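One structure is given below, encoded as structure tokens.
The values are calculated or read from the model by the stated rules, or taken from the named source; none is laboratory data. Remember, predicted model here, so these are calculated numbers, not experimental data. Every residue, glycine among them, receives a Cβ derived from its backbone with ideal geometry; neighbour counts consider all protein chains shown. Accessible surface areas use protein heavy atoms only, side chains included; no ligands, DNA or RNA. Shrake-Rupley method; radii C 1.70, N 1.55, O 1.52, S 1.80 Å.
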Amino acid sequence: MTNHWNDLANADCILAIGGNPAENHPAAFGHITVAQERGGKLISVDPRFTRTSAKADLYAPLRSGTDIAFIGGMIKYILDDIEKNPANYNLTYITEYTNAAYLVNAGFKGPAELEGLFSGYVGAANETDATKRRYDKATWQYQLDDKGIAKKDKTLKDPSCVFQLLKKHFSRYTPEKVNSICGTPKDLFLEVCKTYAETGKPGKAGTIIYAMGTTQHTNGAENIRAYSILQLLLANIGVAGGGINAARGESNVQGSTDYALLFDTLPGYLGMIQDVDTSLAKYLERLTPKNNDPKSANWLQNYPKYITSLLKAWYGDAAKKENDFGFHSLPKLEAGKNYSWIAMFEEMAAGKIKGMLCWGQNPAVGGANTNMERDALGKLDWLVASDLWQTETMNFWKRPGVDPTKINTEVFVLPALGSFEKEGSITNSGRWMQWRYKAAKGPGDAEDDLWMVNKLMLKLKELYAKEGGPNADAITKMDWNYGDPPDVHKVAKEINGYDLATGKLMAGFAALKDDGTTSCGNWIYSASYTEDGNMSARRDPTPDQFNVGLYPKWAWSWPVNRRIIYNRASVDLNGEPWDKEHPVIKWNPTKGGTGGWDGDVVDGNYPPMAIDPEKTKYPFIMTAEGAARFFAQGMTDGPMPEFYEPWESPIDNPMSKQQNNPIFRIWRPAEQGKPDKFPIVCTTYRVCEHWQAGQMTRNLPWVVEMMPEPFIEISEELAQEKGIANGEKVVVESARGSVKMVAVVTKRFKPFQMNGKVVHEIGMPWHWGYTGLSTGDSANQLTPHVGDANTMIPEYKAFLVNVRKA
């Protein structure tokens, strides 16, 4: 989240798209209710009329997988309205704080000219091998002056400036086109546009809340890029009540990604090392951004300090300048190779992966194409699975329809403690790191994850010291001194970092160095555990200076306890808040004698642009150019979001001849369902009563009583067409498999009327499997092995099926 849950109460309008916070985040939804009580509007955009829709002021349906078309239409509405009513929008924000004025290479061409593609595409349109489908981004770059600084046209009139390219790109996203793609009625769509566009007025704020309904698509990352463009046009980033806010599916998803859960990152979102990085210097040359504009803070130019301090945290005294601080001990990815979830299971199925440590997850229910992934587990030599209850993953070898004697995988089960039975921290969607004490003793032999990892690592160090082995120093030289049993506070302090010259805890990442005299296990968490104590354990409800719900002494928020990211964009060039009623920060000319900021921890402690033009820096300090990006060259599939149909779609793409995202990942092209056999769109979701893959809730009898078995939701119209009655068992089939569930015939789904074509959609929760008090088929037996072009997240939310009475 750029903002945080409490801050939602400051919003004048909340756009919930790709998520259902009333059902999946019911406690957090209270802040939305407060916003509505204060006069704010809630818009729910979803294929299904959800619990959030029931609380919304305005509900608009859209077909799953068509977010870019919907948001693209909103962007066009606003761009057109800016021309007609410029006073209703914050043009200073757009011109000064974004890259709208930047000039792009004159050779750049977009989908309007190239039938759905951007200039530089390499590869055949029907190519399935991702290594042969890519973009050469030479024409996507900025025009530079003789000092190497991006050229700008602040009149926003130059045909090569980003603002004009944006207008040209989204000019095709008309309300009629939105209807033909999304199935959203035109008058309803325009009402959504008008309502949300009102947050573009200075002093107003709108926020977007999204969840897995946004990300789990072949264009999921571009969905969020579209949200970013919409919010920047409305000056809604950096302000109270604004932002783009992910409603995470777990209480610590944010924390886990901060700590390198993803295959391509190290802690703090530093890039993973690749085989082309033959030295620390080569790694830094590849990843450290460069920019010649003196007004750009280009904060990530500090990359050398962060990676060196991380290496010192890991290897201690063994990390020295002469050995690149232990850099060569770390594993390296093969450049260009995919190590994502789907790729991992495909390699497992091919017999290339021999063992798996599976901590607190249940891929036999939660993985895409679960029939295939369950089979892949049978190709392992060994599997270690840790959880609170027996799971489908632990029991895959004895699942229904399988002969256990033919599966050779040795399974080790480690009983785990629940979150209330151990001490430590979680980091929520709003980046708040909150310390939890141990509330209860766990059952039997159950232990916490840290205990398990610690035991494993101590034994590995012992064995490698005794027996040696390939790259043994990577294990034996590691600075692993947390005790046995381990002290979680020692881990938290190592993450915060030390001044190694004094032995004191770091006060923040600004003091980290690249010479080996500081250590830090995760640079964005530096300042979380200082000489003043454990900041995340604080529980002081004192309001912030401006009383806008920041609560700066409650827990701790990365980075450096900043509650709203990019908050210098919340003020004008003189440091005065755009929103006088809900200021985040404000320039105080008398503070400290020379002036300073009041309010939230400021995002880069630089003076306002008009107050001190020499010392000031642009507000978006994490981009190399210091400006927020309407046009983003870092994306693999285009610098601006373009609509493509999901891999499986009931219609041809009405926007262009390019049916699917040209860069997305396909693993099993032969398993593509076609609309002649599978004419119905299907999506998956969660219910309030069950948690993720179900192992924590399907073993609780009172929860099972509330939600006893899996079901599909089907519209009254489709049920009548298929002869299905409410409560009857039905079979749902895709090109990957079939499931049998109870039919819930409901008004929550309606057929989509798209330019005269009727498209049906059904939905089903995915929490079930074959282990526990409540069992049933998983919806993921139907989902495909295709992934987003940028993140490789599977496309769980839009695929084709057929339905029949069982």
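Worth a mention:
- Relative to its residue count, region 645-762 spans a Cα convex hull of 150 Å³ per residue.
- For region 375-469, trypsin sites (Lys or Arg not before Pro) meeting the loop criterion (DSSP other than H, G, I, E, B) and having at most 13 other Cβ atoms within 10 Å: Lys441.
- The mean sequence separation of alpha-carbon pairs under 8 Å and at least six residues apart, normalised by the residue count of region 556-653, gives a relative contact order of 19 percent.
- For Leu144, the solvent-accessible surface with a 1.4 Å probe is about 100 Å², rounded to the nearest 10.
- For the set Tyr303, Tyr121, solvent exposure ranked by accessible area (probe 1.4 Å, protein chains only) runs largest to smallest as Tyr121, Tyr303.
- Across region 120-260, counting alpha-carbon atoms alone, Rg and Dmax equal 18.8, 51 Å.
- Packing here is the average count of other Cβ atoms within 10 Å per residue, and on that basis the peptides 563-574, 545-556, highest first, run 563-574, 545-556.
- Using a cutoff of 8 angstrom between alpha carbon atoms and counting only pairs six or more residues apart, the relative contact order for region 279-334 works out to 30 percent.
- log₁₀ of I(q)/I(0) at q = 0.07, 0.08, 0.10 Å⁻¹ - the chain, Debye sum with one point per alpha carbon: -0.53, -0.71, -1.17
- In sequence order, region 289-298 has phi-based couplings of x, 10, 7, 9, 6, x, 8, 9, 5, 6 Hz under the Karplus curve 6.51 cos²θ - 1.76 cosθ + 1.60, θ = phi - 60°, and Gly or Pro positions carry x.
- Amide H to amide H, with H built 1.01 Å from N, Val786 comes under 5 Å of Glu795, counting only residues 5 or more places away or on other chains.
- Contact order relative to length of region 594-644, as percent, for alpha carbon pairs under 8 angstrom and 6 or more apart: 18 percent
- Here the Karplus relation 6.51 cos²θ - 1.76 cosθ + 1.60, evaluated at θ = phi - 60°, turns the backbone of region 573-581 into coupling constants of 5, 9, x, 8, x, 4, 9, 5, 7 Hz, with x for every Gly and Pro.
- Accessible-area value, Phe420, 1.4 Å probe, nucleic acids and ligands omitted, Å²: 130 Å²
- Cross-link partners of Lys580 among lysines (Cα-Cα below 18 Å; sequence separation of 8 or more within a chain): Lys201, Lys204
- Shape class of region 613-675 from the Cα gyration tensor (axes a ≥ b ≥ c, square roots of the eigenvalues): prolate, since a/c reaches 1.5 or more and a/b is larger than b/c.
- Cα-only radius of gyration and Dmax that characterise region 1-121, units Å: 18.1, 51
- Amide proton proximity set for Val758, modelled H, under 5 Å, gap of 5+: none
- Take each peptide in 345-352, 22-29, 316-323, count the other Cβ atoms within 10 Å of every residue, and average; sorted highest first, the result is 22-29, 345-352, 316-323.
- When each of Lys591/Lys617; Lys41/Lys797; Lys290/Lys586; Lys398/Lys729; Lys282/Lys332; Lys398/Lys740 is checked by Cα-Cα distance, pairs over 24 Å: Lys41/Lys797; Lys290/Lys586; Lys398/Lys729
- Region 149-228-region 408-465 distance, computed between alpha-carbon centres (Å): 43 Å
- Phi to ³J(HN,Hα) by Karplus 6.51 cos²θ - 1.76 cosθ + 1.60 over region 174-182, Hz, x for Gly, Pro: 7, x, 5, 5, 4, 4, 5, 9, 8
- The Cα center of region 497-573 and the Cα center of region 728-806 differ in position by 44 Å.
- The trypsin sites (Lys or Arg not before Pro) of region 241-315 that DSSP puts in a loop, and whose beta carbon has at most 14 other beta carbons within 10 Å, are Lys290.
- Residue-level accessible surface for Asp146, protein heavy atoms, 1.4 Å, Å²: 150 Å²
- In terms of the mean number of neighbouring beta-carbon atoms within 10 Å, the peptides 534-541, 781-788 order highest first as 781-788, 534-541.
- Where GluC sites (Glu not before Pro) fall in DSSP loop in region 672-757, at most 15 other Cβ within 10 Å: Glu728
- Rounded to the nearest 20 debye, dipole of the chain from Cβ charges on Lys, Arg, Asp, Glu: 500 debye
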